[in-house]
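The values are calculated or read from the model by the stated rules, or taken from the named source; none is laboratory data. This structure is a prediction, so every number in the text was calculated from the model and none was measured. Counting neighbours? That spans all protein chains shown, and the Cβs are built from the backbone with ideal geometry, glycine included. Heavy atoms of the whole protein, side chains included, go into the accessibility calculation; ligands, DNA and RNA do not. Shrake-Rupley method; radii C 1.70, N 1.55, O 1.52, S 1.80 Å.
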Amino acid sequence: MTQHALHPADDLLPRDIPVQLIDPTGAPVTDEHFTRPDNDALLRAYRGLVEGRRINDQANALVRQGRLAVYPSSHGQEACQVAASQVLGDRDWLFPTYRDSVAVIARGVSPADTMTLLKGDWHSGYDSHEHRVAPQATPLATQLLHAVGFAQAAKHRGEDTVVLALCGDGATSEGDFHEAMNFAAVFHVPVVFFVQNNEFAISVPLSRQTAAPSLAHKAIGYGMPGQRVDGNDVAAVLAVLGEAVDRARAGGGPSLVEAHTYRMQAHTNADDDTRYREREEVQAWIARDPLTRLRTYLTAEGALDEETEAALAAGAEEIAAALRDALNADSELDPEDLFRYVSTTRSPQLTEQWEQLRGEIDRSIQPTGGH
Amino acid sequence: MTLMHDEPRVEVDAPVVQTMTMAAALNRALADAITEDPNVVIFGEDVGALGGVFRITDGLTERFGEERCFDTPLAESGIMGTAVGMAMNGMRPVVEMQFDAFALPAFEQVVSHVAKLGNRTKGALRMPLVIRIPFGGGIGGVEHHCDSSEAYYAHTPGLTVVSPSTPQDAYSLLRAAIASPDPVVFLEPKKLYWSKGEVDTSLTAELGTARIAREGTDVTVLTYGASVGTALEAAEIAAEEGRSVQVIDVRSLSPFDDATVTEAVRGTGRAIVVAEAPGYVSVASEIQARVFERCFEFLEAPVRRVTGFDTPYAPPKLEHWYLPDADRILDAIDSLHWDDEEADAS
């Protein structure tokens, strides 16, 4: 393994106040270190936000209609999700969680394929290699280790792939979070850990996950830089994540970015968030909404007009309509799939079990009264 | 050293036929696999300079470099989880879990990801990795060093679970495990690491197949791992008493070789299952049930199990009472509803 220099401690500590480049009113903020992305990049991000918000709304509606079993909404976190996709190059990989459907879609996976898992047709509905997106992980923090191993393999072969691994604040309490940080730092691999701190792990608040000054402060304990960013400011997330990705690609090793954001809706549609938080608290975050903030900024810059806005809304509507149509269509499900993918070679036992099920299916579809 | 996916494969060390310990056979299998396939990497705790606490990886770092065999931080879930990511990215990791009970922190990664990723992605992401676990007792180890955890793995769909009982199988099965596109839990009987036997490195073994360890006509003993030796010892004694005992080393706990086992038990009409693990809800229970389902009309007596007791693994000074020995196997054989004529005739 390559030896690497130890960092001075001061270089590893995050800022006391999260990096911000556009404030909640839409006004630009000057930063001594981070440069605001240009208007083209921000317009591209804005389109992602509009589409992401529409997809979240559509998915929630599809749960109510019984077309999705469940949907973990990222309403309010779209800036994190869109930026996570936008900072990656074609050869880079994204390791998302169940709440990161908008990031997966922003990476090019079709919304319908992204929802396969939630619809119940199969577990992961897209080709990971085609889009360089790992299957969405449900167990917390386990995918962070996969991201590290993936990056280790890339480094082993001399490829300049960067891996961006997503998790939430709850996941930082898991042992695998610690092991992933530690392995990544010890082996100095090109991974960026991106924590979307949305304040709640289902019902449990951040104060019950950690007593640290911030989640980004944990990085110094592993010997990697940590940074805090306003997770509802897509310009800041793009800048901070972009720098972390660039550093990883240049051989600078892993880093940890904590985005301060908020889960505006319940954990999933099965959750009742009125039992653990006050309505006023949620309302207060509306003023920090990532969409309105960027819209105000781009409009003031003259980069966004009503015509463009309408076109973006129409595009998002098309995506939502396609998702709706795809999920309203009856799925063609093949019961043999149960046995087909357990391992590369089907065991004699599974062959017997498939024959048993096929017999049951054949009997069940015989016309009644036929014998 | 940079190694590409498409780097041409090179010849392994020239095949040999020689007597060696199981530990040496495993070491040779790892060395040959590393030589043959540039995507094979070996890692775990103490596998580098030390060569593993049982010396199975002895000399590999020295010979092949840290890129191919390296020590990790002390964290089993980390070892397993990073192996998953490497396998996703085209490598063939072989990880060592040091002792069976130490593998438990990695259990979530094994069950939720190693075993399932191929299934979750309809085969798009393969998991060609091997989890080497020194398993079982009989070495006087203190607590957490002698467990038999095979039932946990064999119960998990998607995992191939094998255990060798001879140096030849140790070599051939480990080569097969590393070459497999699917994840393999490779259980190494600690007690047998220093047992010797002839190894022909040109021989292959097929995962999923049982091996007839001894021919016999009166009763079939179905077993695996270190218990194979105990069963063979019992068979020797039984032979002196006029009973012909067949011993099947089932070798592959999942998938299970029903064909070989069924044919064997139908031939003798009597069977016992021997294993070190507690018998309750065990691999031994599963084998017993399968034999009952497939051989009932051929059986002259109930299929019995001889297993460890349903207690946590014994302290070193009590383990000789815990472990199934030849006497316990012989007692079980004696209980199988023999009639004198049949015993005399055999």
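Take the residue pairs A:Lys119/B:Lys116; A:Lys218/B:Lys116; B:Lys116/B:Lys190 and return only those whose Cα atoms are more than 25 Å apart.
Over 25 Å Cα-Cα: A:Lys218/B:Lys116; B:Lys116/B:Lys190.
Where the convex hull is taken over the Cα atoms of the protein assembly as shown, what is its projected area averaged over directions, in nm²?
37.4
Just order A:235-243, A:194-202, A:122-130 by mean Cβ neighbour count inside 10 Å, highest at the front, would you?
So the peptides A:235-243, A:194-202, A:122-130, ranked by packing, come out A:235-243, A:194-202, A:122-130.
How high is the relative contact order of chain A? Use alpha-carbon pairs under 8 Å, at least six apart in sequence, and give a whole percent.
It comes to 24 percent, rounded to a whole number.
Debye calculation, C-alpha points only, no solvent: report log10 I(q)/I(0) for segment B:92-218 at q = 0.16, 0.19, 0.20 Å⁻¹, in the same order as the q values.
Scattering profile of segment B:92-218, log10 relative to I(0): -0.83, -1.10, -1.19.
Would you work out the Kirkwood radius for segment A:122-267? I mean one over the mean of 1/r across all pairs of different Cα atoms, in Å.
Radius from the Kirkwood sum: 15.5 Å.
Between B:Ala213 and residues 5 or more places away or on another chain, which pairs have amide H atoms under 5 Å apart, with H built 1.01 Å from N, and which residues are they?
B:Val247, B:Ile248, B:Asp249
Per-residue mean of other chain beta-carbon atoms within 10 angstrom of the beta-carbon, peptide B:107-114?
3
For Cα pairs less than 8 Å apart in space and 6+ apart in sequence, what is the mean separation divided by the residue count of segment A:79-227, i.e. the relative contact order in percent?
It comes to 21 percent, rounded to a whole number.
To the nearest 20 Debye, how big is the dipole of segment B:17-200 about its Cα centre, given +1 on the beta carbon of each Lys and Arg and -1 on that of each Asp and Glu?
The dipole of segment B:17-200 has a size of about 460 debye.
Given a Förster distance of 35 Å, report the FRET efficiency between B:Arg63 and A:Thr344 from their Cβ-Cβ distance, rounded to the nearest 0.05.
0.70
Express the relative contact order of segment B:238-342 as a whole percentage, based on alpha carbon pairs under 8 Å and six or more residues apart in sequence.
Contact order relative to length: 26 percent.
If the reach is capped at under 18 angstrom between alpha carbons, list the aspartates and glutamates near B:Lys122, excluding any in the same chain fewer than eight residues apart.
A:Asp113, A:Asp121, A:Asp127, A:Glu130, A:Glu332, A:Asp334, A:Glu336, A:Asp337, B:Asp182
List the residues of segment A:146-166 that lose 50 Å² or more of accessible area once all protein chains are present, compared with their chain alone (1.4 Å probe, heavy atoms only, no ligands or nucleic acids).
With the partner chains in place, segment A:146-166 has these residues losing at least 50 Å²: A:His146, A:Phe150, A:His156, A:Arg157.
Compute the FRET efficiency between A:Val70 and B:Glu241 as 1/(1 + (r/R0)^6), taking r as their Cβ-Cβ distance and R0 = 51 Å, and round to the nearest 0.05.
For A:Val70 and B:Glu241, the calculated efficiency is 0.20.
How many square angstrom of accessible surface are buried between B and A, both sides summed, with a 1.4 Å probe and rounding to 100?
What B and A bury together is about 3700 Å².
What is the distance, in nm, between label points placed 7 Å from the Cα along the Cα-to-Cβ direction at A:Gln356 and at A:His129?
Each label point is offset 7 Å from its Cα along the Cβ direction, giving 3.4 nm.
Ratio to report: Rg/Rh of segment A:1-85, with Cα atoms as the point set and Rh obtained by the Kirkwood method; give two decimals.
1.14
Calculate the dipole size of segment A:182-273 relative to its Cα centre from +1 charges on Lys and Arg beta carbons and -1 charges on Asp and Glu beta carbons; express the result in debye to the nearest 20.
Dipole about the Cα centre, nearest 20: 380 debye.
With chain A treated as a Gaussian network of Cα nodes joined by springs under 10 Å, which of A:Ala329, A:Ala45, A:Ala266 yields the largest mean-square fluctuation?
A:Ala329
With labels modelled as points extended 7 Å from the Cα through the Cβ direction, what inter-label distance (nm, one decimal) is found for A:Thr308 paired with B:His320?
Placing both labels 7 Å along Cα→Cβ, they lie 8.5 nm apart.
So what is the 222 nm mean residue ellipticity for the protein assembly as shown from helices alone, if each DSSP H run of at least 4 adds -39500 (n - 2.57) and you divide by all residues, rounding to the nearest 500 deg cm²/dmol?
Calculated from helices alone, the mean residue ellipticity at 222 nm is -11500 deg cm²/dmol.
Please list the non-local residues whose amide H lies under 5 Å from the amide H of B:Val41, H modeled 1.01 Å from N, same-chain partners needing a gap of 5 or more.
Under 5 Å from the amide H of B:Val41: B:Arg92, B:Val94.
Share of antiparallel DSSP beta bridges in chain B, in percent to the nearest 5?
Around 25 percent antiparallel, to the nearest 5.
For segment A:9-328, count all C-alpha to C-alpha pairs, find those more than 25 Å apart, and express that count as a whole percent of the total.
The answer is 47 percent, as a whole percent.
With the Cα gyration tensor of segment B:17-200 in hand, give its eigenvalues times 5 under a square root as the equivalent ellipsoid semi-axes, listed largest first in whole angstrom.
Over the Cα atoms of segment B:17-200, the ellipsoid semi-axes are 23, 19, 16 Å.
Return the loop-located GluC sites (Glu not before Pro) in segment B:169-259 (DSSP other than H, G, I, E, B) with at most 12 other Cβ atoms within 10 Å of their own Cβ; answer none if there are none.
Filter output for segment B:169-259: B:Glu206, B:Glu215, B:Glu241.
Read phi for every residue in segment B:132-138 and hand back ³J(HN,Hα) as whole Hz from Karplus 6.51 cos²θ - 1.76 cosθ + 1.60, θ = phi - 60°, with x for Gly and Pro.
Running phi through 6.51 cos²θ - 1.76 cosθ + 1.60 with θ = phi - 60° gives 8, 10, x, 10, x, x, x Hz.
Between rounded, prolate and oblate, where does segment B:211-345 land on the alpha carbon gyration tensor, with a ≥ b ≥ c its root eigenvalues, rounded for a/c under 1.5, else prolate if a/b exceeds b/c?
It comes out oblate by the Cα gyration axes.
Compute the normalised compactness of chain B: alpha-carbon radius of gyration over 2.2 N^0.38 Å, N being the residue count.
In units of the 2.2 N^0.38 Å rule of thumb, it is 1.00.
Once both axes come from the Cα atoms, what is the angle between helix A:348-364 and the longest principal axis of chain A, in degrees from 0 to 90, rounded to 10?
Taking Cα atoms only, the helix is inclined about 60 degrees.
Tilt of helix B:167-179 relative to the longest C-alpha principal axis of chain B, in degrees (0 to 90, nearest 10)?
50
Once each part is reduced to its C-alpha centroid, what is the distance from segment A:201-216 to segment B:298-318 in angstrom?
48
Between the helical axis of A:234-249 and the dominant principal axis of chain A, each derived from Cα atoms, what acute angle in degrees is found, rounded to the nearest 10?
The helix A:234-249 is inclined about 90 degrees to chain A.
Please grab the % of Cα pairs in segment B:203-251 that end up more than 12 Å from each other.
Everything past 12 Å amounts to 59 percent.
Assuming R0 = 25 Å, what is the FRET efficiency of A:Glu278 and A:Asp31, from their Cβ-Cβ distance, to the nearest 0.05?
0.15
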